[in-house]
1. Going through 158, 147, 135 one at a time, which residue ends up being closer than 22 Å to residue 40 by Cβ and open to solvent by 10 Å² or more (accessible area, probe 1.4 Å)?
2. For the range 82-132, how many residues are under 13 Å from the mean Cα position of the chain (by Cα), over 22 Å from residue 31 (Cβ atoms) and crowded, with 17+ Cβ neighbours inside 10 Å?
3. Which members of the range 61-73 meet the condition of being modelled with pLDDT of 95 or more and outside any strand (DSSP E or B)?
4. Just need a number here: residues in the range 86-122 that are at pLDDT 95 or above, within 29 Å of residue 13 (Cα to Cα) and not in a strand (DSSP E or B).
5. Within the range 66-77, how many residues are open to solvent by 10 Å² or more (accessible area, probe 1.4 Å), farther than 21 Å from residue 17 by Cα and in contact (Cβ under 8 Å) with a residue 24 or more places away in the chain?
6. Would you pick out the residues in the range 17-55 that are more than 19 Å from residue 149 (Cα to Cα) and assigned to a loop (DSSP other than H, G, I, E, B)?
Amino acid sequence: MERSNWREAIRQIGLEAGPAVRSKIKIHKAAADVWSTIAEEGGLKKYHPFCQDTEVKKWPGPDSVDTITYYSGISYKRNFVEWLEGVGYDIEVGEHPKLTSRVVWRVEATNEAESELSIEVFPYLRASLSREKKQIYIDRLFSDVFQHYLDSVVKGVQFNVETGKNISPNQFGTNPHYS
């Protein structure tokens, strides 16, 4: 699916994108190093501080599929709907048509030895819900707790890429949804 058409595609199954939550971090390594880390098959456990387990069903490239199981016991299927070699990917989380979000990972070189990683999450909302119910959902799942989650994930990538060491569980603090 073309990037510009994803909003229309989710409308067709009764969903709409909510306001994005974003985290960005500078990494003191080349963009190629960051890309090789986030594009590694099954690599989540090396840098994701809330990932207890991951199972790869298909890898790499567009149509990649894996699952992530968090320390809290929650599991999500991740469907890679766009794969931009060396740049990033877009993921839809959940089972179609009950998708929960679109996650956009991007790596950008700032110079030969430094880069930035950003993760932007668009919650998927049922279009039929009232504005108030949509806001309650966003406040409950995509507020400060979720910002902490995203910040911890980008810090985990930074730590892994810069040190070559795997992160520890909850390395940047616990999270009530994912720890």
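1. 158
2. Selection size over the range 82-132: 7.
3. Correct list: 64, 71, 72, 73.
4. 1
5. As a first pass, look at the range 66-77 and keep what is open to solvent by 10 Å² or more (accessible area, probe 1.4 Å): 67, 69-77.
Filter again for farther than 21 Å from residue 17 by Cα, leaving 67, 69-75.
Cutting the leftovers down to in contact (Cβ under 8 Å) with a residue 24 or more places away in the chain gives us 70-72, 74.
So the answer is 4.
6. Of everything in the range 17-55, those that are more than 19 Å from residue 149 (Cα to Cα) and assigned to a loop (DSSP other than H, G, I, E, B) turn out to be 28, 29, 30, 39, 40, 41, 42.
Let's see how each residue does on (1) under 18 Å from residue 107 (Cα atoms); (2) open to solvent by 50 Å² or more (accessible area, probe 1.4 Å); (3) touching a strand residue (DSSP E or B) at 6+ places or on another chain (Cβ under 9 Å); (4) not acidic (Asp, Glu):
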| position | (1), (2), (3), (4) |
| --- | --- |
| 5 | no, yes, no, yes |
| 16 | no, yes, yes, no |
| 23 | yes, no, yes, yes |
| 28 | yes, yes, yes, yes |
| 59 | no, no, yes, yes |
| 64 | no, no, yes, yes |
| 79 | no, no, yes, yes |
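The values are calculated or read from the model by the stated rules, or taken from the named source; none is laboratory data. Predicted model, so just to flag it, every value in this text is computed and none were measured. With ideal geometry, Cβ positions are generated from the backbone for all residues, glycine too; neighbour counts draw on all protein chains shown. Surface accessibility is based on the protein's heavy atoms, side chains included, excluding ligands, DNA and RNA. Shrake-Rupley method; radii C 1.70, N 1.55, O 1.52, S 1.80 Å.
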